[in-house]
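Down below is the structure, laid out as structure tokens.
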Amino acid sequence: MRIASTQYHSTMNTALQLANVRLGEIMQKMATGQRLLKPSDDPIANVRLSRLSREEAALDQYRDNIGALSSRLTLNETHLDAISNDILQAHDLMVWAADGANTPDDVAAMASSLKSLAESIFYTANTKDQEGRYLFSGTLTDTPTITYDDTAPVGSRYSFTGNTAEQRVVVGNGVTQAANVTVAELAGLLNSMEGTVEVLGTAGTSVNDPAVRAQVTGTLDLLDDTLDIVSATISRLGGQQNILATLENNHANVSLSNQQAALDLGQLDYGDAAVKLNGYTVALQATQKAYGAVSQLSLFDVL
């Protein structure tokens, strides 16, 4: 069968273009180090890489959430420690106040100290974060945790105005952790402390008076109960930090495994690529040489 000159030239040009494309692709792969330049290079590997990429994005978000949550829990613990210390000091003060040998001046000094401790607890309970949100108000982060109404009777001026709802943070696939704790019990304690300050601050007050002793004893009991609650909350925060540390470590290990799998799937084998590059180059040069030689032939060469 005879092949027309135009058909021959068209076929050779197509072959040369295809060879150049293959050569260009292998050179681009060697330049980028990537085995897959387009999905069709390896559809199955491309699907697996896409899945790994999505999983890595989720892991990055989980780890970011864990870092932010850990910082938030540390902040909570720091302020709860401060409240705990104030409660301990108030507890010691009430133990001292219960001693019937105190003079009226001693009792008045205790009232002043107890008032300062109550103010410190109130201030710490209403702590805000860097974004101006109340730490201990539950999900009502724009509302003060505890409010004070000076028009109400002594012993009922403090109110818990937050809520006890939890702010849940996603830290894993189907795993959430609370970012906040409640201090609702502090309102009752502060009311009791204010009542005791009022009683002890009255001139001529004697702790041996049954009514005064009952007030002091009641506040002392509330201090004990509240300290137990705050201490348990601090312990729970420590447990959460341990959980977060474990999750962070697990996520880091999975991420490392994913990155290695992605390298195995997408990284170029330079040895294999070099062999292909050499083969494509030799084939292209041979085709060009043959095409050049044939193109120079004419009928006069065989006459």
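The values are calculated or read from the model by the stated rules, or taken from the named source; none is laboratory data. Remember, predicted model here, so these are calculated numbers, not experimental data. Here Cβ is always computed from backbone atoms with ideal geometry, including for glycine, and neighbour counts include all displayed protein chains.
Things worth noting here:
- Hits in the range 93-136 (condition: free of Cβ contacts under 8 Å to residues at least 24 places away in the same chain and in a strand (DSSP E or B)): K128
- Only one of the numbered conditions (1) in contact with a Gly (Cβ under 9 Å, 6 or more places away or on another chain); (2) modelled with pLDDT of 95 or more is not met by P104, and that is (2).
- L223 being surrounded by 14 or more Cβ atoms within 10 Å (Cβ to Cβ), in a loop (DSSP other than H, G, I, E, B), at pLDDT 95 or above and not aromatic (F, W, Y): no
- Conditions (1) closer than 20 Å to T78 by Cβ; (2) out of contact with any strand residue (DSSP E or B) (no Cβ under 6 Å at 6 or more places or on another chain); (3) modelled with pLDDT of 95 or more: number failed by E194: (1)
- Hey, A82 among the hydrophobic types (A, V, I, L, M, F, W, C) and within 16 Å of the chain's Cα centre (by Cα) or not: no
- Residue within the range 59-81 that is part of a helix (DSSP H, G or I), modelled with pLDDT of 70 or more and farther than 30 Å from T182 by Cβ present: yes
- Residue match in the range 157-167 (condition: within 21 Å of D105 (Cα to Cα), surrounded by fewer than 14 Cβ atoms within 10 Å (Cβ to Cβ) and among the small types (G, A, S)): no
- Exactly one residue out of V197, V212 is surrounded by 15 or more Cβ atoms within 10 Å (Cβ to Cβ) and either free of Cβ contacts under 8 Å to residues at least 24 places away in the same chain or farther than 23 Å from N85 by Cβ (or both): that is V212.
- The residue list A165, A82, A108 contains one member that is small (G, A, S) and farther than 23 Å from R236 by Cβ, which is A108.
- Across the range 137-175, the number of residues qualifying as part of a loop (DSSP other than H, G, I, E, B) and more than 28 Å from D60 (Cα to Cα) comes to 19.
- Among the residues of the range 62-88, the one identified as exposed (fewer than 13 other Cβ atoms within 10 Å of the Cβ) and more than 30 Å from D228 (Cα to Cα) is D64.
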